[in-house]
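Read the structure below first, then the notes.
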Amino acid sequence: MPSADNSFGFVFCGGGPAGLGPIVTAARSGRLGELLDRGIALVEPGPVGPGGLAHYRIGANSLGGPFLECLDGLGDDSPFAALRDLPETALLRGHADEHPPLSVVAPFLTRLGAVVRELLEAHPRCAYVADRVDAIALTDDDGVVVTTGDGRELRARRAVIATGGRPLAGFARAEIVPGLSLAPHQDRVFHSESFIDARRRLPAANGRAVVVGGSHSAWSVVDLLASDAAEVTLIHRSELRLFYSGADEARADGYAFDPVLDVCPANGRVNRYGGLRGRAHELAAAALGLRGPGPAPVRLVRAGAPGALDVARQALADADVIVMANGFEANLPELSHPDGAVLIAATGPTGTEVTDQGHLVDVHGVRHPRLIAYGLGAGLAPSAEVGGEPSYTRRADGVWLYQHDIGEIVLDDLLHHVTTTGEIHA
Ligand SMILES: Cc1cc2nc3c(=O)[nH]c(=O)nc-3n(C[C@H](O)[C@H](O)[C@H](O)COP(=O)(O)OP(=O)(O)OC[C@H]3O[C@@H](n4cnc5c(N)ncnc54)[C@H](O)[C@@H]3O)c2cc1C
């Protein structure tokens, strides 16, 4: 540990795609030296870089090319430049215009993580700590103390919390819409993440499954179930949205969209954030009748539509397996106030609540600029800065965003932060 007093500018808790985002962004925008000179401790118990993407054996919902855009425009003297010639990069480049398996993406992210780790280990004011974060306490002197699994205390101005997500509490008993609850069926309810992780199969009975949700995760589950299921019922609350690179492409596919609300003003993409891509797009387009029949016989039930409640209730009663794909909340370590009182983060239907800058919001509505949380389970909601279609009101997450728009918001905030005492750290 280079810092004799364990003091840093920032402690990054978690070194997955989100945690690395601002560091990669800093390298792309010529601010890496400035960021590292502030002093960073990165605490990550596993491999630095790939996070959860290392173990999902499904296809990426993004094209291969955007994962490599973090290398665009780097000078040859950038510490990340050497990544361009690695075999892992070449392999991913071979999938630039298609949706690669995540097993091809993860090794590239691991090499990216190795560069970050080496940078931190080589810098006199930085450190890499191979441990987990157990607790983060706000202190009286406008800083934080981060306690690691082995009891080390790291002091910093601020904590960047990117420790990934966990299923929303009570997901197995959730009420999908008023009058439609999973509670009576909770012994048959799985969360999409564990289902995808274990590549579960449908237990042989009547071959019926219900998937709740309309996100990429929901469709990844449909895909996994496709080969075994006699029927998959997908119960979704909001309209299924498909991504298109432009309005003409969407029209050519016969897809109905709102030309103002569903189109990103920044780049003309249709459903830039809310739209299904890749394999999920194919499956959903087939289920919506825009294409020929898909590989899975999917019955769509829009909860809340007239008559849907009875159909959905019957489907839940008949299902061998129910998979809930309602998202995540942030997997936060224990948080406390300077007086030792527990700090409880606010959680809404789309995850842990943070401000547009990623400042954690507690259950009393108080914002905590010293605790920056984003990534899976706490993604920033798109704002005018991030762009996106106006109809999208949920969280934006994705590796590209962490390394670009979201990474920039967090980086700017870290480098130009006004403390609660009015002091500017710029
Ligand atoms: C099934 C699925 C598929 C996805 N596919 C894509 C895709 O194709 N393309 C895309 O752009 N996005 C995808 N995403 C969305 C998102 O980009 C990824 O989930 C991404 O991995 C999120 O990054 P993260 O860093 O927030 O979380 P994670 O990837 O979960 O990383 C969190 C990191 O924090 C560490 N950690 C956990 N607890 C602690 C602790 N207490 N202390 C210290 N460290 C800790 C973990 O070891 C891990 O390295 C997908 C999400 C899911 C769920």
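In nm, give the distance between the simple-model label positions of residue 140 and residue 394, each being 7 Å from the Cα along the Cα-to-Cβ direction.
For the pair residue 140/residue 394, the computed spacing is 4.5 nm.
Need one number: nm distance between label points at residue 118 and residue 346, each 7 Å from Cα along Cα→Cβ, rounded to one decimal.
According to this spin-label approximation, the distance is 4.4 nm.
Report the full-extension gain for the segment residue 227 to residue 318: residue separation times 0.36 nm, less the Cα-Cα distance, to one decimal in nm. Each step should come with its number before you reach the end.
Numbers: separation 91, 0.36 × 91 = 32.76 nm, distance 1.87 nm.
My answer for the length gained is 30.9 nm.
For the chain, what is the accessible area per residue in Å² when the probe is 1.4 Å? Present the calculation step by step, with values, prior to reporting the outcome.
Details: 17780 Å² over 426 residues.
Using a 1.4 Å probe on heavy atoms only, each residue of the chain averages 42 Å².
Mind giving me the nanometre distance, one decimal, between the label points for residue 152 and residue 86, set 7 Å out from Cα along Cα→Cβ?
Simple spin-label model gives 2.3 nm for this pair.
Using only alpha carbons, build the gyration tensor for the chain and give me the equivalent ellipsoid semi-axes, biggest first, whole Å. Please report the intermediate quantities before stating the final value.
Working: eigenvalues 281, 125, 81 Å².
Values for the chain, descending: 37, 25, 20 Å.
So what are the three principal axis dimensions of the stretch 161-235 from its Cα atoms, in whole Å, longest to shortest?
41, 31, 21
What full-extension length gain, to one decimal in nm, is calculated for residue 299 and residue 249 as 0.36 nm per residue of separation minus the Cα-Cα distance? Numbers along the way, then the final one.
Values: separation 50, 0.36 × 50 = 18.00 nm, distance 2.57 nm.
Difference between extended and current length: 15.4 nm.
If one takes the longest principal axis of the Cα atoms in the chain, at what angle in degrees, from 0 to 90 and to the nearest 10, does the Cα axis of helix 278-287 lie?
20
If each Cα of the stretch 169-292 is one equal point scatterer, what is log10 of I(q)/I(0) from the Debye formula at q = 0.13 Å⁻¹?
Evaluating at q = 0.13 Å⁻¹ gives log10 I(q)/I(0) of -0.61.
Between 0 and 90 degrees, rounded to the nearest ten: what's the tilt of helix 216-225 against the longest Cα principal axis of the chain?
50
Would you mind telling me the antiparallel percentage of the DSSP bridges in the chain, rounded to 5?
Values: 27 of 64 bridges.
Here the antiparallel bridges make up roughly 40 percent for the chain.
What does the charge count around residue 52 come to, taking other residues whose C-beta lies under 14 Å from its C-beta (Lys +1, Arg +1, Asp -1, Glu -1)? Intermediate results must be reported in sequence, preceding the final value.
On the way: positive: 57, 166; negative: 44, 193, 197, 397.
Residues near residue 52 contribute -2 overall.
Using R₀ = 25 Å, calculate the FRET efficiency as 1/(1 + (r/R₀)^6) where r is the Cβ-Cβ separation of residue 97 and residue 356; round to 0.05. Numbers along the way, then the final one.
Numbers: r = 33 Å, r/R0 = 1.31.
Calculated value: 0.15.
Set the Förster radius R0 to 30 Å, insert the Cβ-Cβ distance between residue 290 and residue 237 as r into 1/(1 + (r/R0)^6), and round the FRET efficiency to 0.05. Working shown, then result.
Values: r = 21 Å, r/R0 = 0.69.
With R0 = 30 Å, the Cβ-Cβ based efficiency is 0.90.
Using only DSSP helix segments of four residues or longer, with each worth -39500 (n - 2.57), what per-residue ellipticity at 222 nm results for the chain after dividing by its residue count and rounding to 500? Numbers along the way, then the final one.
Details: 12 runs with 110 residues, N = 426.
After summing the helix terms and dividing by the residues of the chain, the value is -7500 deg cm²/dmol.
When the accessible area of the stretch 13-115 is split by element with a 1.4 Å probe, what percent falls to carbon and sulfur?
On the way: 2110 of 3860 Å².
Carbon plus sulfur share of accessible area: 55 percent.
Of 143, 235, 160, which is farthest along the charge dipole of the stretch 136-245 in the positive direction, counting Lys and Arg as +1 and Asp and Glu as -1 at C-beta?
Towards the positive end, the residue furthest out is 235.
Measure nothing but the geometry: give the 0 to 90° angle between the long axis through the Cα atoms of 17-28 and the longest principal axis through the Cα atoms of the chain, rounded to 10°.
60
Ignoring any ligand, DNA or RNA, what whole percent of the accessible area of the stretch 288-379 comes from carbon and sulfur when the probe is 1.4 angstrom?
Details: 2120 of 4040 Å².
Roughly 52 percent of what the probe reaches on the stretch 288-379 is carbon or sulfur.
The values are calculated or read from the model by the stated rules, or taken from the named source; none is laboratory data. Note that the structure is predicted; figures quoted are calculated from it, not measured. As a convention, Cβ positions derive from the backbone with ideal geometry for all residues, glycine included, and neighbour counts pool all protein chains shown. The accessibility values were calculated without ligands, DNA or RNA, using every heavy atom of the protein model including side chains. Shrake-Rupley method; radii C 1.70, N 1.55, O 1.52, S 1.80 Å.
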